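In what follows, a structure is listed as structure tokens, so that the remarks can point back to it.
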Amino acid sequence: MQFTHEDIAPMAVGAAVLGAGGGGDSYLSEGMLTETIKAHGPIEILPVDAIAPEAPVLPVALVGAPHVVNEMLVGRPMLETILAHSTSGQGAPSAVIALEMAGLNALVPLIAAGQFGLPVVDADFTGRGVPSLGMTSFLLDDHYPAHQVLADPVGRSVRLTGSSDFPVETLLRPLVTVMGSLTAYTMYPLHGADLRKQSLDGTITRCLEVGRVFQNLPGHTADEVDTMLAAIDGVRVASGSVVERLAQPEPHASRVSVTLEDEDHPDRLTRIDLKDEFHLVTRDGELLATVPDLIVVVDNDTWIPLTVEQVGVGQQVTVFALPAHPRWRTDRGVQLLGPRAFGYSTDYVPFELREVRS
Amino acid sequence: MSERSSELHLGLAFQGDRIQFALVTTSGALIESQLLPRTDDFASDLDRALRAAPREIRAIMIASDNLRDALHRAPRLARVAALRIGGPVTTGVPILASWPESLIERISPVTEIVDGAVDESGAELAPFDEIAAERFFERCIGQVDAVAISSVFAPLAPLFERRAAAIALRVLGDRMPVTMSHSVAGFGLLDRENAAILSAALTPLAADMLRAIEHSLLEHGIEAEVFLAQNDGTLTVADLAVGTPIRLLEGVAAAGIYGAGLLAGVKDALVTSDGLARAGILRDGFVVMTSAPTWVAGSRMNVELPVGTGASAPPHSVASHTGARVSIARQSSTADALPNAEVAAAYGLALAPVGATAWVVSEPDVSERFRLLQAEQQVIEMAIIAGADPATVAISDIDSISISHSTKRQLRIRATGRPMFVSRTDRSVFEPPTSSPITH
């Protein structure tokens, strides 16, 4: 499959949807990807099977804070630095792969691949926005590549070795902060054989498919929207105006809950709990959707998926749920990425088992 | 400061095909109101409106939708030189990325990214290449009508933008309108840069408005302070406001929302207008603004606009929550009709406070309290520069948004105060508005 200019917009929308409120603002990387394809032509997308078992692969992600990415954008020096590390550590990579198929991190690997003249693997290691790059399918398997590399915007880098036992987030986050809260990240060695075992397959295809559905939602009736969503196993779980955004005081300052009032049912308030992503949707004490499934909030004016920072009082929004990758819906997956992993005293229940009321 | 209860303010709202005229005392009494027909010519419309005004008015508050309309409809806007100080880190995203071709053509841009960047603490990552900036502006001589300058983290470290602005004025002449991104919007380089470019493209038109205002006042012998309404419904003294026209786009809509609240005597309301085509929300006496990025003429920016002013359905349900639903429509079946609703915007203008806003990134450490106080002081000074009476200026609201993956918070701090009259003899009259904007 060739990733062309026509795929950029659906990819960006899909990436925002899969971000589930996190993953940063993919609008930025849309501009970069447009320039990359203009300069270097379409990007080849390969299925996992097409990567030889012994072929080295370059995983690419940005780690940092969205407000810094929004200022610094993404320049070449940091991508070139992680490529140089990967090449010297495991030989020239045969392909690029996303670590996190969400927001910026879904598009940046395509940008890197375009600039380096490499194909991209149709897979990643999360399938959704995650608050930490520790929360990948590597964690599900408890098996990591031996080396991790972080590079800052002007190309200064840090390599961690033998870190597979370290709690990745605890280790990396302070480094990222010291490095200015924006870094490019990779890990190695990683080969075709590892992808077969550890990657979540087909997630670029999924991202494009989800993006195309969401691109087409504007202008449709609620019933039509429901039908269109069914094609990607999604459901509409709530809608209404944001009447309150409540941030908890320190030290939980970034834990926030948002209250929606539904004009058709003003007596029934919907609440969304969020931190770096949307975590829970409840109405009258009933749980409508929870992590690890994807909770997506769109602005009714634009139908653009909102990041957690963008949901503000006065907005009219619709809330959707999409299933997480099946590996996240296992006991181990829920243990790592379910409600209790984020500090909520509730168990995971797949949203499709809830009664859906609109 | 004298007791101002008897002072007269004139609100003039240029909206659609009408001009709302409202003569109001500072205590809120509506002395006279009129609806005047509007033409395409702001200067003659204003002249006609001022003919009906008594000479003893102390302040004139003006809002107009003509800047917004120009952005959407004018076949040509000012030609803009857009300089980004952001290499080598930001070169992955070009200036004007994702702009519609038709909009780009209307501003005939000349663009360049030169080296220079700071990190989130304001520390220098790459020095500012002033020589490259100078060469760029030399290339722009005779090619542009306005300049827009952006740089990484400018809201917290505006020095590179200020240095580049000085170079632009030296090379292109000190009458060249220069817009610095930190004076139009908060964090997010691309959106702020877009806002600066759009704003720059409107500066000659805004300058024309100011010239028309100055001329009309002289003509009618009116010695009044003139304020323009900003997107949040607060005012800024006109000669400062025209430096950042992007912040005036929805001033008339915001004034209508604010005025409707005043007329209804409520601080929280859903405000609807003709056929519910336009609406807004008033909360705690302020116009509620968007928190998501805003789109204007196909370009994305981060200038906050009143919620509901987009081409969208109004947010119905907030009314039941806030308890009031008021309409500024001439006829409305869904809302309580207001007396004088047809001049709500002009009435709101006449009584609006002067306001200034700044964005700050705050970290919960030992010096947070100190930095916050510093920022508050700065916003208060900005409000005074914007024309607020120093005796009445205070911080009116602080909006805090937590930043994901960070312990920091982004704060939007607003200060408001009563408009102050400065005798025109105390000022340099008729100075053309080529100002580099000096406030946020």
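Considering Cα pairs under 8 angstrom that are at least six residues apart, work out the relative contact order of chain B and quote it in whole percent.
Result for chain B is 17 percent.
Per-residue ellipticity at 222 nm for chain B, helices alone: DSSP H runs ≥ 4 residues times -39500 (n - 2.57), over residue total, nearest 500 deg cm²/dmol?
One gets -9000 deg cm²/dmol as the mean residue ellipticity at 222 nm.
Please list, in chain and number order, the residues 5+ apart from A:Ala55 or on another chain whose amide H is under 5 Å from its amide H, with Hs placed from the backbone.
A:Gly192, A:Ala193
Would you mind getting me the FRET efficiency between B:Trp295 and A:Glu80? Use the beta-carbon distance for r and R0 = 60 Å, nearest 0.05.
0.95
Given R₀ = 25 Å, what would the calculated FRET efficiency be for A:Ala50 paired with A:Thr4, taking r from the Cβ atoms and rounding to 0.05?
With R0 = 25 Å, the Cβ-Cβ based efficiency is 0.85.
Mind checking the angle between helix A:103-116 and chain A's longest principal axis? C-alpha axes, 0 to 90 degrees, to the nearest 10.
Helix A:103-116 sits at roughly 20 degrees to that axis.
Which order do B:Ile19, B:Ile131 fall in if you start with the one that has the fewest other Cβ atoms within 10 Å?
Values: B:Ile19 24, B:Ile131 10.
Neighbour counts put them in this order, fewest first: B:Ile131, B:Ile19.
If you wrap a convex hull around the C-alpha atoms of segment A:1-108 and split its volume per residue, what is the figure in Å³?
On the way: hull volume 11.6 nm³, N = 108.
Here the figure is 108 Å³ per residue.
Taking Cα atoms of segment A:200-243, Rg/Rh with Kirkwood Rh, to two decimals?
1.05
Which percent of the Cα-Cα distances in the protein assembly as shown go past 39 Å?
Above the 39 Å cut-off, the protein assembly as shown has 38 percent of its Cα pairs.
Which whole-number percentage describes the relative contact order of segment A:53-164, with Cα contacts under 8 Å and a sequence gap of 6 or more?
Reported relative contact order: 28 percent.
Using the basic label-point model (7 angstrom from Cα toward the beta carbon), what is the A:Glu224 to B:Ile141 distance in nanometres?
The two pseudo-label positions are separated by 5.8 nm.
Roughly how many whole Å is it from the C-alpha centroid of segment B:8-86 to that of segment A:81-107?
55
How high is the relative contact order of chain A, given as a whole-number percent (alpha carbon pairs under 8 Å, six or more residues apart)? List each step's numbers first, then the result.
Details: 795 pairs, mean separation 68.7, N = 358.
Relative contact order comes out at 19 percent.
What's the local net charge at A:Val178, with K and R +1, D and E -1, over the other residues with C-beta under 11 Å away?
Taking every Cβ under 11 Å from that of A:Val178, the sum is 0.
With Cβ to Cβ distances under 11 Å as the rule, what net charge do the other residues near A:Met135 carry (K, R +1; D, E -1)? All intermediate terms of the calculation are to be shown ahead of the outcome.
Numbers: positive: A:Arg128; negative: A:Glu100, A:Glu169, A:Asp276, A:Glu277.
Once positives and negatives cancel, what remains is -3.
Calculated from DSSP H runs of 4 or more alone, at -39500 (n - 2.57) each and per residue, what is the 222 nm mean residue ellipticity of chain A, nearest 500?
Working: 11 runs with 116 residues, N = 358.
Calculated from helices alone, the mean residue ellipticity at 222 nm is -9500 deg cm²/dmol.
Could you work out the Rg to Rh ratio of chain B, with Rh taken as the Kirkwood radius (inverse of the mean 1/r over all Cα pairs)?
0.96
Under a crude label model (7 Å from the Cα following the beta-carbon direction), how far is A:Arg268 from B:Arg371 in nanometres?
According to this spin-label approximation, the distance is 4.4 nm.
Dipole magnitude of segment A:69-177 about its Cα centre, charges +1 at Lys/Arg Cβ and -1 at Asp/Glu Cβ only, in debye to the nearest 20? Working shown, then result.
On the way: 5 positive and 10 negative charges, 57 e Å.
That gives a dipole near 280 debye.
Bin width 10 Å, alpha-carbon pairs only: give the P(r) of segment B:153-218 as whole percents, running from 0 to the bin holding the largest distance.
Per 10 Å bin, starting at 0, the Cα pair percentages come out as 21, 41, 29, 9, 0.
Quick check on segment A:211-358: what are the equivalent-ellipsoid semi-axes from the Cα gyration tensor, as sqrt(5λ), descending, whole Å?
Those come to 22, 20, 14 Å.
Could you give each residue of segment B:205-217 its phi-based ³J(HN,Hα) in whole Hz, using Karplus coefficients 6.51, -1.76, 1.60 with θ = phi - 60°, and x for Gly or Pro?
Using θ = phi - 60°, the values come out as 5, 5, 5, 4, 4, 5, 4, 5, 5, 4, 5, 4, 5 Hz.
Out of the DSSP beta bridges found with both residues in the protein assembly as shown, what percent are antiparallel (nearest 5)?
75
Along the Cα→Cβ direction, 7 angstrom out, place labels at A:Ser345 and A:Ala39. What is the inter-label distance in nm?
5.4
Enumerate the calculated ³J(HN,Hα) couplings along segment A:53-67 in order (Karplus 6.51 cos²θ - 1.76 cosθ + 1.60, θ = phi - 60°), each rounded to whole Hz, writing x wherever the residue is Gly or Pro.
Once θ is set to phi - 60°, the couplings for segment A:53-67 become x, 8, 6, x, 10, 10, x, 9, 8, 9, 10, x, 10, x, 5 Hz.
Taking K and R as +1 and D and E as -1, what net charge do the other residues with C-beta under 12 Å from the C-beta of A:Pro218 add up to? Could the numbers behind the result be given before it?
Details: positive: none; negative: A:Glu224, A:Asp299, A:Asp301.
Cβ neighbours under 12 Å give a net charge of -3.
Kindly put B:Glu101, B:Glu112, A:Glu286 in sequence by how many other C-beta atoms sit within 10 Å of each C-beta, fewest to most.
Result, fewest neighbours first: B:Glu101, A:Glu286, B:Glu112.
Rounded, prolate or oblate: which fits segment A:25-171 when a ≥ b ≥ c are the square roots of the eigenvalues of the alpha-carbon gyration tensor, with rounded for a/c under 1.5 and prolate only if a/b beats b/c? Don't jump to the answer; show the numbers that get you there.
Values: a/c = 1.39, a/b = 1.14, b/c = 1.21.
In terms of gyration-tensor shape, rounded.
Please give the helix B:130-140 orientation as an angle from the longest Cα principal axis of chain B, in degrees from 0 to 90, rounded to the nearest 10.
Roughly 60 degrees between the two axes.
Counting other beta carbons within 10 Å of each residue's own, what order do A:His147, A:His40 fall into, fewest first?
A:His40, A:His147
Consider just the alpha-carbon atoms of segment B:83-239 and return their Rg together with their Dmax, both in angstrom.
Cα-based Rg and Dmax for segment B:83-239 come out at 17.0, 55 Å.
In Å, the Kirkwood hydrodynamic radius of chain A over pairs of distinct alpha carbons?
Computed over Cα pairs of chain A, the Kirkwood hydrodynamic radius comes out at 20.4 Å.
None of the figures in this text is laboratory data; all of them are computed from the coordinates on show. From a predicted model like this one, the values you see are computed outputs, not experimental measurements. A quick note on method: Cβ atoms are made from the backbone with ideal geometry, for glycine too, and the neighbour counts reach across all protein chains shown.
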